[in-house]
1. Sketch the reach of a paramagnetic label on B:Ser209 as a point 7 Å from Cα along Cα-to-Cβ, and name the residues of the range B:151-169 whose backbone nitrogen lies under 15 Å away.
2. Near the amide H of B:Glu224, under 5 Å away, which other amide H atoms are found, from residues 5 or more places off or on another chain, if H is placed in the peptide plane?
3. I'd like the per residue volume of the convex hull spanned by the Cα atoms of chain B, given in cubic angstrom.
4. For the range B:134-147, take each phi angle, set θ = phi - 60°, evaluate the Karplus expression 6.51 cos²θ - 1.76 cosθ + 1.60, and give the result in whole Hz per residue in order, putting x for glycine and proline.
5. So what is the relative contact order of the range A:3-110, in percent, for Cα pairs below 8 Å that sit 6 or more residues apart?
6. Using only the Cα atoms of the range A:3-110, construct the convex hull and provide its projected area averaged over every direction, in square nanometres to one decimal.
7. Rounded to a whole number, what is D in µm²/s for the range B:1-149 from Stokes-Einstein with the Kirkwood radius over alpha-carbon pairs (10 °C, 1.306 mPa s)?
8. Could you tell me which of rounded, prolate or oblate describes the range A:4-53, using a ≥ b ≥ c as the square roots of the eigenvalues of the alpha-carbon gyration tensor, with rounded for a/c under 1.5 and, failing that, prolate when a/b is larger than b/c and oblate otherwise?
Amino acid sequence: MPVKIGNRNGLTICYVEGEIDINTSPDVKKPFDKLISSKTPKIIVNLSKVTYVDSSGLATLVEILKNMRSYGGKLKLSNMSSKIKSLFEITKLEKLFDIVADEEEAISTFV
Amino acid sequence: MMEPEIVIKADNVVKSFGDRTILDGISLEIYKGETFVIMGGSGCGKSTFLRHVIGSLKPDSGKIFLLGKDLSKIDENEMDKVRMKIGMCFQSSALFDSMTVGDNVSIGLREHTKLDKSVIDIVVKMKLEMVGLRGFENLMPSALSGGMRKRVGLARAISMDPEIVFYDEPTAGLDPIVAGVIDKLIVDLSKKLNITSVVVTHDMKSVFSIADRVAMFYEGKVLEIGTPEEMKRSKNPMIQQFTSGSPDGPIRFFQQKDDYLERLVA
C-alpha cells in the first residue's frame, strides 16, 4: 500500500511512499477518495518517502486538493525533497498548494 | 568528469529499399538530457533513421540500442514498454481532426493507463500550459493555426512524461517567428523536464539555436558530429555548403543529365 494513514493532534496525516507515477497514481488516490467521501477537514500529506513524482502524480494531488476544497477541507504537503519541490515550481503548482517544511510546521499552522 | 549516459546508440546501421541504400552504416551515440539534431538535405536518410530508432523500421544489418535495450532482441511487448518512455512529434502534427485538442493530448493516457478521467483532464491542462495553449482543450484542431497544431502535437508528445522526445521537422512550414517559438519550446522543455530531444531538421536557424550536438547526414552516412560551433568551423566542404545554404558545392541537388536521358528511354 503506497499510503499509510496516521493521526496526530487530531489531524489526519497521510504518509506516501515510493513513486507517484502513471502506474501508482490510481492506488495513491484511493485512500484519499475515502477520506474525502467522509469529508475529512484537514489532511497533511507527508512526502518524505516519495522518491519520484510524474505529471500524473502531480495531477492526482491537484485532484485531491480540488475535491477537498469542494467541502471546505484543507490540505498541506510536507517533507518534500528539493527535487520534488523543483517539480512543483516548474509546473507553477507551488502557488496552488500549501507546502510546508515538515510535519511539525504543518501541525502548528493547522491548529 | 562523469561519462555521459548513453540513451540511444546506433551501431553500423544499414537499410536499403530495393536497390537504393538509404542508411549506409550509421553509427552514433546520443546522451541523456542533450538536444541532438540530425541535419541533412531531403532524402539523406535522417527521417528513415528516426523511424529505425523508434522501432518502426528494422535495419538490414547493424544494431540500435534505445534506453539500454537492443531493439533487435526485444519482442513487441517489450517494445511497447520502451515506447511508453518516448514521445514523438510528427512533421504534420498528426492530430486526429475528429477529436478535441484535449482528447488529442490525452490519447496515450486514456489508452495506456488506469488514471481517472478527472486526473487525465488535469494532466492535459498542465501540458497545454507548458506549450502556451491554456484553455484550448475543448477546441477542435481545425480551429488552430499550423504553429498551434505543432504545439498540440508537442503537448501530446510529453503527455506521458517521456525520457526522450523525437521531433521530425518541427519547424517545417512555419513562419520564422512561429518556428522560433517552437525552437524555444523544445529547448525550454528539454531543460526544465530533463528530456533528451532528438530533432531531425534541415532548418539551419533551428540547428544553431537548439542543438547541443549535431550530426550531419549525407547519402545515408554520418559526415560529422559536433557542436554547432564545430559545424560552423568545419573544413568539410559538404558541411560548409549545407550550413551556408549555397547551391554550388560538392552536394549535388540535381540528377546528372545523362541519367535523366537514360531514364526517359528506359
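Each value in this text was obtained by applying a stated rule to the coordinates, not by laboratory testing. In this text, all values refer to a predicted model and were calculated from it rather than measured experimentally. Glycine gets a Cβ as well: all are built from the backbone with ideal geometry, and neighbour counts include every protein chain shown.
1. Hits in the range B:151-169 for B:Ser209 at 15 Å: B:151.
2. B:Met216
3. Given the Cα convex hull of chain B, per-residue volume reads 163 Å³.
4. Residue by residue, the range B:134-147 yields 4, x, 8, 4, 9, 7, 8, x, 5, 8, 9, 6, x, x Hz.
5. Relative CO of the range A:3-110 lands at 27 percent.
6. Projected over every direction and averaged, the Cα hull of the range A:3-110 covers 5.9 nm².
7. The estimated diffusion coefficient comes to 89 µm²/s.
8. The shape class here is oblate.
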